[in-house]
Amino acid sequence: MIEIKTNALAGWNLDNSYTALPEIFFRRMNPTPVRSPELVILNEPLAQELGLETSEMKSDANIAVLAGNRIPEGSDPIAQAYAGHQFGYFTMLGDGRALLLGEQITPAGKRFDIQLKGSGRTPFSRRGDGRATLGPMLREYIISEAMNALGIPSTRSLAVAKTGETVIREEEQPGAVLTRVAASHIRIGTFEFASQWGSEKELRSLADYTLQRHFPHAENEENRYLAFLQQVVQRQAALIAKWQLVGFIHGVMNTDNMALSGETIDYGPCAFMDTYDPDTVFSSIDTGGRYAYGRQPDIAVWNLARFAETLLPLLHEDQEWAVQLAQNAIQHFKKLFHDYWLSGMRAKLGIFGEEPEDVSLIEELLKLMHNYSADYTNTFRNLTLDTMTDSILFDSPEFARWYEAWQGRLNRQQKTESASRDLMRKSNPSIIPRNHRVEEALQAAVNQEDYSLMDKLLGVLSNPFAYSREQNAYAALPEPSACPYRTFCGT
Ligand code: AMP
Ligand code: MG
């Protein structure tokens, strides 16, 4: 593998702190070169944040990096080992088609993993080909960037490069490599791997590393591993509340897809809910509805329990006591989640301060939305814009009663109407990545090499709270279709 020495030009500033962990946690290896790398999209604002020079990133040498044909100076590429519970069943996994190039230290002194996804086979590939296809990598790019713009912690997408090779899925697809940027790729599954196959010393090394990287304040606590667990629980509660508030459905909340940094990771069959229904599932493989919208908080608790189990040897010498500490920490999720969710919902309704009846006011609206099959995002959008037309929900007498109660609530607070309106505009996105809009953009890109729809979509999604005129068309619902929307893992 040829190394490029263009640091001074491109701004690569890579460190490889993960490789200082015990060797069971990774395998050193290079990406598998591809036939003809071609850059299809580069995230210029993100490149700048990372300290990368955008014009230089489009040079042949750096396009080769983004496709896995070269590695930048300072890179020590590795495939990370991890395990995970997939749909409830424990299994060994690991980076089967991804490689960590290293950790970019930004001009602001922050550290971000730079990972190639689709970069070829690794010792963890099992029967997979190690490759990724263009459509799903562009989809991850769109949704992850939309999540970031919505203010939801997420991995980011720096670039997508075509490989010039075909990949066999149900049919032949153009191959592609996504460059993913993450606070780290340490997952619950990484700890499950350490707990199952590592020594206690190795587990402790991973815990200390993660603490130092993501929870430096916990290091000073009397029981640093308990503080670590508590902070992971808190970050997940905050994250899942944000998902629920925008109607995001992850789709595969397996423990290997839950990052300890608290970022949303692994955009496979995810999608945004349209019609409000807690049972909504888009993923074709989630036949039991395990990962339905309304189940996400409970699944987070289940996953956190798997995480807590891995920490038991570190939490206390007395294992019974350790179990007690872990249970208390996990039980706290429910309250944390509820508090984050409730304050988010109050903001969505322009409510300042707290009244005990707020919960029932919110629940009543959700119940009506469910009964009248109202669109989740657009209901809040219409309330924000005060344009309550064209929906059977808004025409119903139950809604009229709810509306009166809501107005009564707003009138009881000290804040002005315009302050409420401002709060609602900041809390209710005018647009989300609507499934039909995402599909339309992907089809044009993949089938016609026409990136104009995707560029426009990315443009409007980059400021979802703008309420701009050009966003109106993107808020519209699709024509009613015979088949419900389905997402697939076959990426
Ligand atoms: P995911 O469903 O993306 O969370 O992936 C689950 C596991 O399958 C991870 O270990 C991936 O690295 C692996 N994997 C997914 N697709 C491929 C592929 N095409 N080749 C090799 N491994 C893969
Ligand atoms: Mg995964």
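The values are calculated or read from the model by the stated rules, or taken from the named source; none is laboratory data. The structure displayed is predicted, hence computed values, not measured ones. Cβ coordinates were reconstructed from backbone atoms using ideal geometry, including for glycine residues, and neighbour counts include every protein chain displayed. SASA here: full protein model, heavy atoms, side chains in, ligands and nucleic acids out. Shrake-Rupley method; radii C 1.70, N 1.55, O 1.52, S 1.80 Å.
Shape of the chain from its Cα gyration tensor (a ≥ b ≥ c, root eigenvalues): rounded if a/c is under 1.5, otherwise prolate when a/b > b/c, or oblate?
Oblate is the answer for the chain, as a/c is 1.5 or above yet b/c matches or exceeds a/b.
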(message) Taking 0.36 nm per residue of sequence separation and subtracting the Cα-Cα distance, how much length would be gained by fully extending the chain between GLU221 and TYR485, in nm to one decimal?
(response) 90.3 nm
(message) How tilted is helix 200-214 with respect to the longest principal axis of the chain? Cα atoms for both, answer in degrees (0 to 90, nearest 10).
(response) 60 degrees
(request) List the relative contact order of the stretch 186-428 as a percent without decimals, with contacts defined as Cα pairs under 8 Å and 6+ residues apart. (result) 21 percent
(message) Charges on Cβ only, +1 for Lys and Arg, -1 for Asp and Glu, centred on the Cα centroid of the stretch 1-124; of MET57, GLY120, PRO22, which one is farthest towards the dipole's positive end?
(response) GLY120
(request) Using Cα centres only, tell me the gap between the stretch 373-395 and the stretch 259-309 in whole Å. (result) 26 Å
(message) If the only charges are +1 at each Lys and Arg Cβ and -1 at each Asp and Glu Cβ, what is the size of the charge dipole of the chain around the Cα centre, to the nearest 20 debye?
(response) 300 debye
(message) If each residue of separation counts as 0.36 nm, what is the full-extension length gain between THR275 and LEU312 once their alpha-carbon separation is subtracted?
(response) 9.2 nm
(message) If I stretch the segment between HIS332 and TRP197 completely, what's the gain in nm (0.36 nm per residue apart, minus their alpha carbon distance), one decimal?
(response) 45.7 nm
(message) Just to check I understand the Karplus step: with θ = phi - 60° and J = 6.51 cos²θ - 1.76 cosθ + 1.60, what whole-Hz values come out for the stretch 135-140, glycine and proline as x?
(response) x, x, 6, 5, 5, 4
(request) Go through LYS367/LYS426; LYS415/LYS456; LYS117/LYS242; LYS58/LYS426; LYS117/LYS348; LYS334/LYS426 and tell me which ones have a Cα-Cα distance over 31 Å in this structure. (result) LYS415/LYS456; LYS58/LYS426; LYS117/LYS348
(message) Going by amide H atoms built from the backbone, whose H comes under 5 Å of the H on ALA271, apart from near neighbours?
(response) ILE249
(request) Would you work out the relative contact order for the chain, in percent, from Cα pairs under 8 angstrom that are 6 or more residues apart? (result) 14 percent
(request) Mind pulling the angle between the C-alpha long axis of helix 435-448 and the longest principal axis of the chain? Nearest 10 degrees, somewhere in 0 to 90. (result) 40 degrees
(request) Return one whole number: the accessible area per residue of the stretch 393-456 in Å², for a 1.4 Å probe. (result) 54 Å²
(request) Would you be so kind as to identify which of PHE248, PRO278, ALA322 lies farthest towards the positive end of the dipole of the stretch 186-428, taking Lys and Arg as +1 and Asp and Glu as -1 on Cβ and the Cα centre as origin? (result) PHE248
(request) Count charges around THR210 for me, please; just the other residues with Cβ under 14 Å from its Cβ, Lys/Arg as +1, Asp/Glu as -1. (result) -1
(request) Classify the stretch 3-184 as rounded, prolate or oblate from the Cα gyration tensor: take a ≥ b ≥ c as the square roots of its eigenvalues, call it rounded if a/c is under 1.5, otherwise prolate when a/b beats b/c and oblate if not. (result) rounded
(request) Would you calculate the separation in nanometres between label points at ASP422 and LEU342, each defined as 7 Å from the Cα along the Cα-to-beta-carbon direction? (result) 2.6 nm
(request) Working from Cα positions, state the angle (0 to 90°, nearest 10) between the long axis of helix 224-246 and the longest principal axis of the chain. (result) 50 degrees
(request) Please list the non-local residues whose amide H lies under 5 Å from the amide H of ALA176, H modeled 1.01 Å from N, same-chain partners needing a gap of 5 or more. (result) ALA132, THR133, LEU134, THR163
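What is the sum of charges, Lys and Arg at +1 and Asp and Glu at -1, for the other residues whose Cβ falls under 11 Å from the Cβ of LEU99?
Net of charged neighbours comes to +3.
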(request) Just report the Cα centroid separation between the stretch 65-140 and the stretch 437-491, whole Å. (result) 26 Å
(request) Would you grab the residues whose amide H sits under 5 Å from the one on GLY84? Only those 5+ places off in sequence or on another chain, please, with H modelled 1.01 Å from N. (result) THR91, LEU93
